[in-house]
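Structure first, commentary second.
Please treat every number below as a calculation from the coordinates, not as lab data. Source: prediction; values computed, not measured. Because the Cβ atoms are built from the backbone with ideal geometry, glycine has one as well, and the counts that use them run over all protein chains shown.
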Amino acid sequence: MASSASTLSWSSSTWLQSFSGNVNEPTKLSDRRTTFVILAQKKAKKTRAIILKEDVAELGKKGQLLNVKAGFYRNYLLPTGKAQIVTPDLVKEMKMEEERIEAEKKRVKEEAEQLALIFETVGAFKVKRKGGKGKQIFGTVTAQDLVDIIKAQLQRDVDKRIVSLPEIRETGEYVAELKLHPEVTARVRVTVFAN
């Protein structure tokens with residue numbers, strides 16, 4: 001065992017001498033030393049500017065401009081078709097679409113205001129019910145009853161879900177509200193009388 005270790009030692013030192021000359025001589029380092037300056041680079045943010053094509057839970061609504069991580073876009077939003085990368089043409093198209101939608105909303109609101117004016121100038125809608133004792137009537141006046149009267153008098157179709165009536169169980173005059181638009185409400189008078 002000892003002989004093989006010394007053999008290895010001798011052969012390795014011989015091998016070193018063949019490359020660097022004498023092993024026992026100290027090697028001299030040059031006086032010029034070069035220094036390397038290593039600057040740390042900031043990690044690049046890997047985000048993508050996108051436009052959502054449809055509502056995405058906990059992310060945003062359709063048509064919204066967002067910055068999302070590239071992996072989220074590449075692995076989820078793109079394969080499911082829920083988003084698209086922002087381009088100048090797409091931004092122009094979105095602005096035109098928004099303007100068209102705003103014009104449509106304005107037109108619908110104006111129509112609702114005109115309809116509200118028509119309802120309020122009509123006067124009172126008269127409802128006949130079978131009378132009981134005193135001012136009592138049999139049954140109640142419902143939203144559907146008012147919708148039928150409006151259709152008969154004004155030839156206008158109104159959805160009964162937009163009609164808000166107080167509970168009517170007696171003869172008299174009441175005020176009903178028609179919510180024609182989120183910002184437009186028409187107040188109409190309803191007169192209930194007994195036969």
For region 61-75, name all the residues that are exposed (fewer than 15 other Cβ atoms within 10 Å of the Cβ) and assigned to a helix (DSSP H, G or I). Ala70, Gly71, Arg74, Asn75
Wholly within region 115-195, strands (runs of 3 or more DSSP E) carrying at least 1 residues that are surrounded by fewer than 17 Cβ atoms within 10 Å (Cβ to Cβ), touching a residue at least 40 places away in the same chain (Cβ under 8 Å) and in contact with an Asp or Glu (Cβ under 7 Å, 6 or more places away or on another chain): 124-129, 184-194
Quick one: in region 94-114, which of the residues that are closer than 26 Å to Tyr174 by Cβ and not hydrophobic (A, V, I, L, M, F, W, C) is surrounded by the fewest Cβ atoms within 10 Å (Cβ to Cβ)? Gln114
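Yes/no matrix, rows are residues, columns are (1) over 45 Å from the mean Cα position of the chain (by Cα); (2) under 25 Å from Leu115 (Cα atoms); (3) small (Gly, Ala, Ser):
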site: Lys130; (1), (2), (3): yes, no, no
site: Gly139; (1), (2), (3): yes, no, yes
site: Lys151; (1), (2), (3): no, yes, no
site: Gln155; (1), (2), (3): no, yes, no
site: Val163; (1), (2), (3): no, yes, no
site: Pro166; (1), (2), (3): no, yes, no
site: Glu173; (1), (2), (3): no, yes, no
site: Glu177; (1), (2), (3): no, yes, no
